[in-house]
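**Q** Okay, handing you the structure first.
The values are calculated or read from the model by the stated rules, or taken from the named source; none is laboratory data. Note that the structure is predicted; figures quoted are calculated from it, not measured. Because the Cβ atoms are built from the backbone with ideal geometry, glycine has one as well, and the counts that use them run over all protein chains shown. Ligands, DNA and RNA are excluded from the accessible area calculation, which covers all protein heavy atoms including side chains. Shrake-Rupley method; radii C 1.70, N 1.55, O 1.52, S 1.80 Å.
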Amino acid sequence: RSSRRQRTMGTHSSLVSGLSRTMCELLGEELYASAEIVGSMLLGAAEACDAMGAETSPMAKALELYGDSLNGLGEFRRAQAYYRKAAQRNRMESSTVLLPEQPHEVESLESSLESSSSKRLYRSSSIKLREARCSMRLGDVGAAINAFEAAEGKTARDYVDLGKLYLEQAMKKPAISAFESALKQNHCAVEVIEPLAQLYGAPHDALAKLLSETFFHSSMKKKKIQQHHSQHSQHREALGEWLETFARGHAALAAHEFRAAISHFEAIDRLLGSSSNLHGLLRMGKAFFGLGEIVNARYAFHKARIYDRHNVAFMDLAAKVLPTHAERSTLAHDLMAVGGGGACSSRPEPWLVVAIVTANANNDDDADLDKALQFVDKAVSCDARHAASYLFRGELLVRLGKADKAIVAYFKANSLVKDLPSYTGLVEAYLLLRKFKEALHAAKDAVAALPTQP
């Protein structure tokens, strides 16, 4: 009977191993529906192994893999539940230790425990991070933040996501810390430079200094490994120069020093030996717009459109510099067609361009401001931190004679980005309501916040 039980357990163990490997292969090929089916079988086999009293339970890994299949299928709530079960099983297994029967076994047990403990810690952290991303997809910001904070061994990507979550909660200092950690993990995680520049404000050198420190530290580690490469030093210096110029360009743009920002992004073009840099063109377009140089802004955005007609970033600003209603309408049509109709609705810019077109028809009688407001609301629902949406909402409300509601919109825009248009909107809305003291206060705030603006 004991022999038959061992054979049965061996058969089940082989089946579990085979199903686990199959699931990993299916997940690797993104065949999530197939993985979900195999995963349900794996959970049943793992449960049978537990019932037979297997020395090592496969259940935690089975729950984790099944969660991955559901995650891939977009069933984030279910995936989250299975990740939590997997984490719970890991904790149970780590707290269950069999004592050695012989004294000489203590040393080998300690070594084994140390190794298995490290593996469990890694798996628990990995599960916690996947649980955090499920919470992100479900819009549960608080739960996502808690899961990210609890996870050990976060990568640059994890810190980037955590920083974005902090921003959604208006948690400025934790957001700065998370973005800085992302750069320390990977000095080329340049997507955090723009939000960091906006969060830092003055002095501008803070961002360049951080990049210099993280880049130097990373480069020194690589240099020890790559001393036999004669060109390594040249590559490191070239990359360092690009990163510093990139950071200074964004710092100047965030501080509304538009001329300096243009100079830095032009310097990057010279380093690259090309002006076909989409990222730089869009930022230069924004800087020219801030200077009131509409023709230059239009040219920069036009070049950006030539290089990538499917890009939607900054296109709400591009719409404002187009000279004719027909051109704005064409841009709106193109943006809404990206990804097949409403697929671009995850970004606010297309909806904002449609709102601009709707509110600025050739004939004022054809302008539908109420309809335009609905499109602005759609833009806000896509991204609640897109300041331009609130700014245009304020403009529409002023035109509708609702200056009191416009003030709320301008305040929200100003809380996200302290720029001249939001301050100007506040002053004008207060004046319309004959609130002269508040208008003067807003104007003084603008002068204090934007000393370099004309």
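**Q** Given L416, L391, which one is farther than 24 Å from E327 by Cα and touching a Ser or Thr at 6+ places or on another chain (Cβ under 9 Å)?
**A** L416
**Q** Please verify whether F246 is open to solvent by less than 20 Å² (accessible area, probe 1.4 Å), modelled with pLDDT of 90 or more and either touching a Pro at 6+ places or on another chain (Cβ under 7 Å) or of a type in the set (F, W, Y) (or both), treating the condition exactly as stated.
**A** No: the conditions fail for F246.
**Q** Just to be sure before I move on: is E180 under 24 Å from A81 (Cα atoms) and among the charged types (D, E, K, R) in the structure I sent?
**A** no
**Q** Just checking, which of G28, G53, G72 is open to solvent by 30 Å² or more (accessible area, probe 1.4 Å), modelled with pLDDT under 85 and out of contact with any strand residue (DSSP E or B) (no Cβ under 7 Å at 6 or more places or on another chain)?
**A** G53
**Q** Quick check: is even one residue across the stretch 272-293 in a helix (DSSP H, G or I), within 21 Å of the chain's Cα centre (by Cα), without any contact (Cβ under 8 Å) to a residue 12 or more places away in the chain and under 19 Å from A261 (Cα atoms)?
**A** Looking through the stretch 272-293, at least one residue is in a helix (DSSP H, G or I), within 21 Å of the chain's Cα centre (by Cα), without any contact (Cβ under 8 Å) to a residue 12 or more places away in the chain and under 19 Å from A261 (Cα atoms).
**Q** Still on this structure: Look through the stretch 306-322, keep the residues that are in a helix (DSSP H, G or I) and surrounded by fewer than 17 Cβ atoms within 10 Å (Cβ to Cβ), and return whichever of them is farthest from the chain's Cα centre (by Cα).
**A** Top of the filtered list is I306.
**Q** When K418 is evaluated against the numbered criteria (1) open to solvent by 80 Å² or more (accessible area, probe 1.4 Å); (2) farther than 21 Å from L167 by Cβ, which criterion, by number, is the only one it fails?
**A** Exception for K418: condition (2).
**Q** Which count do you get for residues in the stretch 399-423 that are among the β-branched types (V, I, T) and at pLDDT 95 or above?
**A** Matching residues across the stretch 399-423 total 2.
**Q** Looking only at the stretch 386-444, which residues are touching a residue at least 12 places away in the same chain (Cβ under 8 Å), in a loop (DSSP other than H, G, I, E, B) and over 25 Å from the mean Cα position of the chain (by Cα)?
**A** Within the stretch 386-444, L400, L433 qualify.
**Q** Return the pairs, sorted by first residue and then second, in which the second residue is part of a loop (DSSP other than H, G, I, E, B) and open to solvent by 20 Å² or more (accessible area, probe 1.4 Å), the first residue lies in the stretch 125-148 and is within 16 Å of G72 (Cβ to Cβ), the beta carbons are less than 8 Å apart, and the residues are 6+ apart or on different chains.
**A** L129/K154; R137/G74
**Q** May I pose another question? Being in a loop (DSSP other than H, G, I, E, B) and open to solvent by less than 60 Å² (accessible area, probe 1.4 Å) is the filter; apply it to the stretch 343-379 and report the residue that is modelled with the highest pLDDT.
**A** Once the filter is applied, the top-ranked residue is N360.
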